[in-house]
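Worksheet: one structure, shown below.
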Amino acid sequence: MGQILAAGRRRAGLTQAEAASRLGVSQSRISTLEADSGTLTLSQLLTLLGAYELQLQVLDKGSSAPTSPASALEW
């Protein structure tokens, strides 16, 4: 998960310091979450995904990912 978050942050064009500033946490906290996401809470995950403009999809076991964004349910 940490690798996905780091890649998403970079794709959003943010340094760890910039991401930390947006989220109101320290740069070292962003670094820690990217290196060891084991302590990441759901709330933190959703906040990071939003800041990095990433989307979380939940699929039924055994189903494949939607073939297009239009086929995915959105809230």
When only residues in the stretch 1-59 that are among the β-branched types (Val, Ile, Thr) and assigned to a loop (DSSP other than H, G, I, E, B) count, which is surrounded by the fewest Cβ atoms within 10 Å (Cβ to Cβ)?
Val58
How about the stretch 31-63: which of its residues are touching a residue at least 12 places away in the same chain (Cβ under 8 Å), over 19 Å from Arg11 (Cα atoms) and hydrophobic (A, V, I, L, M, F, W, C)?
Leu40
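Just a yes or no: is a residue in the stretch 56-65 modelled with pLDDT under 90 and in contact with a helix residue (DSSP H, G or I) (Cβ under 8 Å, 6 or more places away or on another chain)?
Yes, some residue in the stretch 56-65 is modelled with pLDDT under 90 and in contact with a helix residue (DSSP H, G or I) (Cβ under 8 Å, 6 or more places away or on another chain).
The values are calculated or read from the model by the stated rules, or taken from the named source; none is laboratory data. Everything numeric here is computed off the predicted structure, so don't read it as measured data. Cβ atoms come from the backbone with ideal geometry, glycine included; neighbour counts cover every protein chain shown.
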